[in-house]
Amino acid sequence: MRIIYWFELIIAHLIYWSGAYWLRRRRLEQEGASAVLVYHRVREGRGGVGRMVGEHNFEAQMAYVAEHCRPVEWDGLVNADGEGIQVLVTFDDGYRDFFTRALPVLERRNIPVVLFAATELVFNQRLIEDTDEADDEVFPTADDLEKAKQSSVVSVGNHTATHRFFSGLSIKECDDELARSQAAIQQHLGLRPKVFAYPRGRKQDLRDDAAAVFKKHSIQAAFTMIPGLVDTDTQAYAIPRVGMSHVNNEVLFKVKLLGMLNGLVNLKNRLKR
Ligand SMILES: [Zn+2]
């Protein structure tokens, strides 16, 4: 996938220096827009491997969000009422480095974040199939969980129990995944999530019959990995997000934040299949 990353970088720089970036940025800032960023892991130093952003890059990205955008909570997303670009930061899975590397940065900047927890990983120390690399930064400790519980910037969302993709399950199994994970979060953190993120979250992982299951478990919004910005046409159970997990370059970050390069993401997903 390295070649595609380089390709992405080149296209991003062309867009940035061509002026297309600035035109779009000015238009979105005037009209109002909402972007949901998704991260997975934060690595020490520079990052650059798989779905990991380097901690210094993450820090710079959050500085940009705090200074040039409007950080919002998930329920503020749809009201892009005023001017400027609203940003919701989300983290998927719940690896330990979220608690140790991302959370201090988010707290310092007072940026709200939704942590979509795969409960078998977060509470039962079981690896999920998506894990790129197993190291001592994988499983959160009881202390980490307590910190998140006390934090004023963290909301917890549901990301299933075992991280199996909805496309490979019966609707009964989807229901079981939600029941188990809602119960685990309730037990460990004393709250009931109202938001959900589909594991993998590509178009084929969404399903119409899941809406009834979401309602049953009081889930009001479901986030995907389909690239794009949130607008008035966005469906509550199919919210697009901008993938920032592997983004270790400032220009690429800025260009993607405006919802550009979506075609490339779709191409990458097709090649990975
Ligand atoms: Zn995930």
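So the values come out like this:
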read-out: Top-ranked residue of the stretch 100-129 - restricted to ones that are in contact with a strand residue (DSSP E or B) (Cβ under 9 Å, 6 or more places away or on another chain) and assigned to a loop (DSSP other than H, G, I, E, B), ranked as farthest from residue 166 (Cα to Cα); value: 110
read-out: Any hit, the stretch 69-92, residues being within 16 Å of the ligand (Cβ to nearest atom), among the acidic types (Asp, Glu) and crowded, with 16+ Cβ neighbours inside 10 Å; value: yes
read-out: Selection from the stretch 1-33 of residues that are within 21 Å of the chain's Cα centre (by Cα) and modelled with pLDDT of 95 or more; value: 12
read-out: Given (1) surrounded by 14 or more Cβ atoms within 10 Å (Cβ to Cβ); (2) in contact (Cβ under 8 Å) with a residue 60 or more places away in the chain, index of the condition residue 232 fails; value: (1)
read-out: Entirely in the stretch 137-245, the helices (runs of 4 or more DSSP H) that have 3 or more residues that are within 15 Å of residue 122 (Cα to Cα) and away from the ligand (no atom under 16 Å from the Cβ); value: 142-150, 171-189
read-out: The stretch 1-53, residues that are closer than 30 Å to residue 138 by Cβ and of a type in the set (Gly, Ala, Ser); value: 35, 45, 47, 48, 50
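Residues checked against (1) free of Cβ contacts under 8 Å to residues at least 12 places away in the same chain; (2) loosely packed, with under 15 Cβ neighbours inside 10 Å; (3) not hydrophobic (A, V, I, L, M, F, W, C):
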| site | (1), (2), (3) |
| --- | --- |
| 212 | yes, yes, no |
| 224 | no, no, yes |
| 238 | no, no, no |
| 245 | no, no, yes |
| 268 | no, no, yes |
| 271 | no, yes, no |
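The values are calculated or read from the model by the stated rules, or taken from the named source; none is laboratory data. Keep in mind it's a predicted model, so treat the numbers as computed, not measured. In this analysis, Cβ positions are derived from the backbone assuming ideal geometry, glycine residues included, and neighbour counts consider all displayed protein chains.
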